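The values are calculated or read from the model by the stated rules, or taken from the named source; none is laboratory data. This is a predicted model, so every value here is computed, not measured. Glycine also receives a Cβ, built like all others from the backbone with ideal geometry; neighbour counts cover every protein chain displayed. Surface accessibility is based on the protein's heavy atoms, side chains included, excluding ligands, DNA and RNA. Shrake-Rupley method; radii C 1.70, N 1.55, O 1.52, S 1.80 Å.
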Amino acid sequence: MKISDLENKKDSFEMLSPKEAKNTTPAISKNGTIVYNNEANCNANVALQPTKDVIRSLITINNLNASKEYTFGFKLPKGNRLITAKEYLGLIKFNYL
């Protein structure tokens, strides 16, 4: 999935789907969610949902034969890097009742 900045093409990046989504024909829902391995007999389904600010990913494991790990790769513009939620949001404290 390639994410393009329409105003500044050099800021575009690419998110690489896990190997479990390769060689499948994706189905696109009305809300823009892209679902890979949507066949009834597959071990797992991989879904990507681009929004204005983020890309949501969902993996539905259908049976015990499914992979136990799923890896998404990224091709980022030179000088860019991925950051953790802690780096982005700072220290988060949860209040429990």
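Tabulated data for the structure shown
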read-out	value
Among 44, 61, 8 - extreme Cα towards positive end, dipole of the chain, charges at beta-carbon	8
Average accessible surface area per residue within the chain, 1.4 Å rolling probe, Å²	83
The chain - mean residue ellipticity at 222 nm from DSSP helices (-39,500 (n - 2.57) per run, n ≥ 4, rounded to 500)	-1000 deg cm²/dmol
Length released on extending from residue 33 to residue 74, taking residue separation times 0.36 nm less the Cα-Cα span	12.9 nm
Listed candidates (1) 46, 41, 26; (2) 67, 28, 19; (3) 43, 26, 20 - label of the one calculated as Cα extents along the principal axes in Å	(1)
Relative contact order of region 6-97, pairs being alpha-carbon contacts under 8 Å that are 6 or more residues apart, as %	28
Highest-MSF residue in the chain out of 34, 83, 55 [GNM, Cα springs under 10 Å]	83
Given 10/86; 9/68; 30/78; 30/86, the pairs whose alpha carbons are separated by over 31 Å	9/68; 30/78; 30/86
Accessible carbon and sulfur surface of the chain relative to its total accessible area, %, 1.4 Å	54
List 54, 46, 35, ordered by accessible area with a 1.4 Å probe, largest first	54, 35, 46
